[in-house]
């Protein structure tokens, strides 16, 4: 009997001591067009707007990386946002930018930024699941 109580206590302690997973929301990005698109997310915080970055950074492979993600024609992409994103939303909002894949491949990035050669821009200021559809 005493052995059973110890086992139950051990199980209870193990279950209650596990950290709870961070709450997440899902952003569904739906590409209903006949073209491949690229997207990026930028965050505004405390009144300072972070625009499309005008300079590349380097990814772990040593290549230029503008923080763009590809969504093929007809594909639904799910972007999971963590609690850190929620903290940013308390101070401001975020924007999702959509670009034509072929344009990014052929037009210099600085010109894309200067002339804002984008397909769509969506402002988000909520901590709830949401969906963005292109076009």
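Bear in mind these aren't lab numbers, they're just calculated from the coordinates by the rules spelled out. Because the structure is a prediction, the values reported are computed rather than measured. Note: ideal-geometry Cβ built from the backbone for every residue, glycine included; neighbour counts use all protein chains shown.
For the reader, a short list of remarks on this structure follows.
- Residues of region 106-115 that are surrounded by 11 or more Cβ atoms within 10 Å (Cβ to Cβ) and not in a helix (DSSP H, G or I): 107 alone.
- Test: residue in region 82-105 that is loosely packed, with under 12 Cβ neighbours inside 10 Å and assigned to a strand (DSSP E or B): no
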